[in-house]
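The values are calculated or read from the model by the stated rules, or taken from the named source; none is laboratory data. What you see is a predicted model, and the numbers here were worked out from it, not measured in a lab. For neighbour counting, all protein chains shown are included, and Cβ atoms are generated from backbone atoms with ideal geometry for every residue, glycine included.
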């Protein structure tokens, strides 16, 4: 059974490892330098959101970060892709955290499709990410 718990600084290392595995499986468009830079900054990003870890038994299978009604981050260990956990997490976040918006890299077609299947639609696009990197970002809103 999937369980949500608050993530703490003690979890950062494990969450960073999940982030890296997930990014290697889904973000092949990121340069090695940008991937390394983002990973080094994860602790700072984690501090800016309501960070949750998602567990099955004793295993952390992923994490999410929310801010107001925005889903700022959602990453799953690739071992748990396509088992319904992402859908379960989104449903829970919509109910408990009133999530209404999410951003996704335009090149991450699978994530875009996933969010669209959860009821989100594209409302705008930015040509760069929040740090000015050349990765177009799609802004989605719950229908």
If the Cβ limit is 6 Å and pairs must be 6+ apart or interchain, which residue in region 118-135 that is within 13 Å of residue 30 (Cα to Cα) pairs with which residue that is outside any loop (DSSP other than H, G, I, E, B)? 129/137; 133/34; 135/105
Whether any residue in region 85-98 is at pLDDT 95 or above, under 24 Å from residue 3 (Cβ atoms) and in a loop (DSSP other than H, G, I, E, B) is what I want to check. yes
Going through region 52-71 in order, the residues found to be without any contact (Cβ under 8 Å) to a residue 24 or more places away in the chain and either within 14 Å of the chain's Cα centre (by Cα) or under 25 Å from residue 119 (Cβ atoms) (or both) are 65, 67, 68
Please enumerate the residues belonging to region 99-143 that are in a loop (DSSP other than H, G, I, E, B) and surrounded by 12 or more Cβ atoms within 10 Å (Cβ to Cβ). 99, 100, 106, 107, 108, 118, 119, 129, 133, 135, 136
Restricted to region 26-41, and to residues that are within 16 Å of the chain's Cα centre (by Cα) and at pLDDT 90 or above, which residue is surrounded by the most Cβ atoms within 10 Å (Cβ to Cβ)? 38
Residue count for region 4-23, restricted to those that are closer than 26 Å to residue 83 by Cα, in contact (Cβ under 8 Å) with a residue 24 or more places away in the chain and in a helix (DSSP H, G or I): 10
Only one of (1) free of Cβ contacts under 8 Å to residues at least 40 places away in the same chain; (2) over 20 Å from residue 143 (Cβ atoms); (3) surrounded by 15 or more Cβ atoms within 10 Å (Cβ to Cβ); (4) more than 14 Å from the chain's Cα centre (by Cα) fails for residue 49. Which number is that? (4)
